[in-house]
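Colleague: One structure follows; several queries about it will come next.
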Amino acid sequence: MKLWLEKLRLDLTVNWRLSRNQTTVKENFLVNLETPSGIFRSEIAPNVRYGETTENIQRAFNDWTDSVDLGAIINLDSLRLATQNLKFHALSFGVESVFVSFLARQQNLSLTQFLHLPAPKIRETSFSMPIMPVGEIAQYLRPLSRFRALKIKVNADTAVEMLKEIRKETTARLRVDGNEAWTDYDEFLRFQETLKGMNIELIEQPFPSSMAAEYRDLKTQTPYKLLADESIEDVGDFAELSRQFHAVNIKLMKAGSLVRARDLLLEAKAHGLESMLGCMIETTIGISYGMLFTGMVEYVDLDGFLLVKDEPFHLVSEAEGLLRLS
């Protein structure tokens, strides 16, 4: 049994600008597991917000493989023990998911059968729009009319101007993603007033996750659904999250585990929260794992592979805004 990482350089179709950083290139890792049953693959999409650089990921992977007996991973329990101290959520996901794929093959089960998931569905995805100059919006949106929902990255300085221009160009439902851009509660309430008459479906994580009291108050003040992203990672206090938000965004790279992602989605539902299945900028290897959960969530935001130039694997296809496993 052999496990190794292969760095992927992904050129993007756009300057990917959020409230905290921007880039035209993404560096991920392909995870390869070679076994007598075949070769299994997954992906690691590092997120700098959580200290996940390619250097840190590679170093943590090397340290982990030096300390673990891969041959002792024979079931979910031994896999959980082997990976419980694995540093970085994205790395944990990449390693866990290739072993889950291997264990499922050992039992001649599909991944959905092995994980006790409902069958994947063909689902509508939103398409994401980074922060950009107003003058570039019309050109960016022109080829995206097939998407019935758009996820708009905003910051506190340019959000109003961007959204007004977007509204001129599309009738799509808008999912406004703040990426923790607002730290002034009253300023956000003033921004919220400008959204009247727009087709706002969700507002995602406007404040830093530390502003729990503000979120609790905002939930009673806003006419919009609030979606948690940075406020939930691999664990969550769902009783508290339900006081702050209407829905949660579960991303496999943050959950660090297919099994944990499933459990988080089940716990969210038990606490009356809706769920979105989100992603980082990933190839269709990573997105194909996300597609396993499309039968469990109300919202799908799995467009990360559509932002990659010349995506190489083609495991997921998109037509008219609908995603399906290829």
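Colleague: Once you have the Cα-Cα distance between ASP157 and GLU27, take 0.36 nm times their residue separation minus that, and quote the gain in nm to one decimal.
Modeller: So the chain would gain 43.9 nm between ASP157 and GLU27.
Colleague: May I ask you to list the lysines whose Cα is less than 22 Å away from that of LYS2, ignoring any residue fewer than eight positions away on the same chain?
Modeller: Straight-distance partners of LYS2: LYS87.
Colleague: Have a look at the stretch 252-301 and give its Rg and Dmax from the Cα atoms, expressed in angstrom.
Modeller: 10.5, 32
Colleague: I need the calculated FRET efficiency for the pair ASP184 and VAL134, taking r as the beta carbon distance and R₀ as 35 Å, to the nearest 0.05.
Modeller: 0.95
Colleague: Net charge around PHE61, counting only other residues with Cβ within less than 13 Å of its Cβ (Lys, Arg = +1; Asp, Glu = -1)?
Modeller: -3
Colleague: In the stretch 123-325, with Lys and Arg counted as +1 and Asp and Glu as -1 at Cβ, which of these residues, LEU189, MET291, ILE131, has the Cα nearest the positive end of the dipole, that is, farthest along it?
Modeller: Checking the options against the dipole of the stretch 123-325, the answer is MET291.
Colleague: 222 nm [θ] for the chain, helices only, -39500 (n - 2.57) per DSSP H run of 4+, per residue, to 500?
Modeller: Dividing the helical sum by the residues of the chain leaves -9500 deg cm²/dmol.
Colleague: A further question on this structure: Which whole-number value in Å³ per residue fits the convex hull of the alpha carbons of the stretch 2-115?
Modeller: With only Cα atoms used, the stretch 2-115 gives 122 Å³ per residue.
Colleague: I would also like to ask the following. Under 27 Å from the Cα of LYS309, which lysines turn up, not counting those fewer than eight places away in the same chain?
Modeller: Within the straight-line limit of under 27 Å, LYS309 reaches these lysines: LYS7, LYS26, LYS121, LYS151, LYS153, LYS251, LYS254.
Colleague: Looking at the chain from every direction and averaging, what is the projected area of its Cα convex hull in nm²?
Modeller: Over all viewing directions, the chain projects a mean Cα-hull area of 15.7 nm².
The numbers here are math on the coordinates, done by the rules we state, and not lab data. Source: prediction; values computed, not measured. Note that we place each Cβ from the backbone using ideal geometry, even for glycine, and neighbour counts take in every protein chain shown.
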